[in-house]
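> Below you'll find the structure I mean.
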Amino acid sequence: MKTHVIELKNVSLRLGEGASSVQVLRGVTLQVERGHSTAIVGPSGSGKSTLLMVMAGLERIDSGEVWIAGQRTDQLSEDAMASFRGRTIGIVFQSFHLIPNMTALENVAVPLELAGHPDPFSVAEQELAAVGLKDRVTHYPGELSGGEQQRVAIARALAPQPAIIIADEPTGNLDQTTGRQIADLLFSTAAERGTTLVLVTHDPALAARCDRQVTMRSGQIIDAPSPATANGE
């Protein structure tokens, strides 16, 4: 039986005020199966990143329904959504979003501390070792390369053992070789842990590695084959 860990039902969202407002999402309906990897592709301005932020509860929709891991999230309060997100969703951004005056270890420990984990720094150390940064735990973001910073960001996203990883252009700020290494890390770790991976990318090679590609244009999904169809089954 198929299990949908993400389900969007007729989701619409307008951003901005008055004459400058823009309809960013137009009746988007999408289901994402547990444990699968999904690439969201399409031209700039098509609504891809906004769709990710809706999944993460970082953008509030105007209409429709958002279901994540069995929970309807569009009706949650900000505090309840933040708590749910901390337990369920890990986020990796293009620009890393690390806290500059915290070490790699401290950055990874932050979501664990917020969740009340009894031993956040021990888990953070294990996660940094898992992404190949065992010897960089005391370094600050400014002392790390772009690839190393993204590894810290991945370790931070994975530390709470989320059901879902959402990645917005995770290789966009990296050179080709480093980007490939980061992609390898994301896919291998998600596969090992059975984590659902949803990513936005302009890189056709990265999108092709996913079980499924969902294509957006002008705030709508214009193509969303099932994973079986996407893999030619």
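The values are calculated or read from the model by the stated rules, or taken from the named source; none is laboratory data. Worth saying up front: this structure is predicted, and the values here are computed from it rather than measured. In this analysis, Cβ positions are derived from the backbone assuming ideal geometry, glycine residues included, and neighbour counts consider all displayed protein chains. When the accessible area is computed, the model is the full protein with side chains, heavy atoms only, and any ligands, DNA or RNA have been set aside. Shrake-Rupley method; radii C 1.70, N 1.55, O 1.52, S 1.80 Å.
> Report the semi-axes of the equivalent ellipsoid for segment 1-103 in whole Å, largest first, where each axis is √(5λ) for an eigenvalue λ of the Cα gyration tensor. Mind showing how you got there, number by number?
Values: eigenvalues 88, 81, 48 Å².
Semi-axes (√(5λ), whole Å): 21, 20, 16.
> Tilt of helix 104-114 relative to the longest C-alpha principal axis of the chain, in degrees (0 to 90, nearest 10)?
60
> Sticking with this one: So, in Å, what gap is there between the alpha-carbon centers of segment 78-102 and segment 156-215?
Taking the Cα centre of each part, segment 78-102 and segment 156-215 sit 16 Å apart.
> Next question, about the same structure. How do Leu197, Leu98 stack up against each other in accessible area, from largest to smallest, with a 1.4 angstrom probe? All intermediate terms of the calculation are to be shown ahead of the outcome.
On the way: Leu197 5, Leu98 25 Å².
Of Leu197, Leu98, the descending order of accessible area is Leu98, Leu197.
> Just by accessible area at a 1.4 angstrom probe, what is the order of Arg193, Arg34 from largest to smallest?
Details: Arg193 85, Arg34 120 Å².
From most exposed to least exposed: Arg34, Arg193.
> Compute the distribution of all C-alpha to C-alpha distances in the chain, in bins of 5 Å from 0, and list the percent of pairs in each, rounded to whole numbers.
That works out to 1, 7, 14, 18, 19, 17, 12, 8, 3, 0, 0, in percent per bin.
> All other residues with a Cβ under 13 Å from the Cβ of Val137 taken together, and with Lys, Arg as +1 and Asp, Glu as -1, what is their net charge?
Counting the neighbours of Val137, the net charge comes to -2.
> Report the gain in length on full extension from Tyr140 to Thr29: 0.36 nm times residue separation, minus Cα-Cα distance, nm rounded to one decimal. Intermediate values should be presented prior to the final figure.
Numbers: separation 111, 0.36 × 111 = 39.96 nm, distance 4.10 nm.
So the chain would gain 35.9 nm between Tyr140 and Thr29.
> Moving to a separate point now. What dipole magnitude, in Debye to the nearest 20, does segment 137-184 give about its Cα centre under +1 on Lys/Arg Cβ and -1 on Asp/Glu Cβ? Show your work: numbers first, answer last.
On the way: 3 positive and 6 negative charges, 30 e Å.
Dipole size: approximately 140 debye.
> Then there is this: Kindly write out, for segment 36-51 in residue order, the coupling ³J(HN,Hα) from the Karplus curve 6.51 cos²θ - 1.76 cosθ + 1.60 (θ = phi - 60°), rounded to whole Hz, with x marking Gly and Pro.
Ordered by residue, 3J(HN,Hα) equals 9, 10, 10, 9, 9, 10, x, x, 4, x, 7, x, 4, 5, 4, 4 Hz.
> May I pose another question? Tell me, what is the per residue accessible area of the chain in Å², probe radius 1.4 Å? Mind dumping the intermediate values first?
Numbers: 10920 Å² over 233 residues.
About 47 Å² of surface per residue is accessible.
> Round to the nearest 10 and report in Å² the accessible area of Lys134, as given by a 1.4 Å probe over the protein chains' heavy atoms.
Surface open to solvent at Lys134 totals about 150 Å².
> Oh, and also: On the full set of protein chains, 1.4 Å probe, figure out the accessible area of Val22 and give it in Å² to the nearest 10.
Only protein atoms counted, so the area is about 80 Å².
> Ok, one more. On the protein heavy atoms, probe 1.4 angstrom, tell me the percent of accessible surface of the chain carried by carbon and sulfur. Write down the numbers at each step before the final one.
Values: 5200 of 10920 Å².
Of all accessible area on the chain, carbon and sulfur atoms account for 48 percent.
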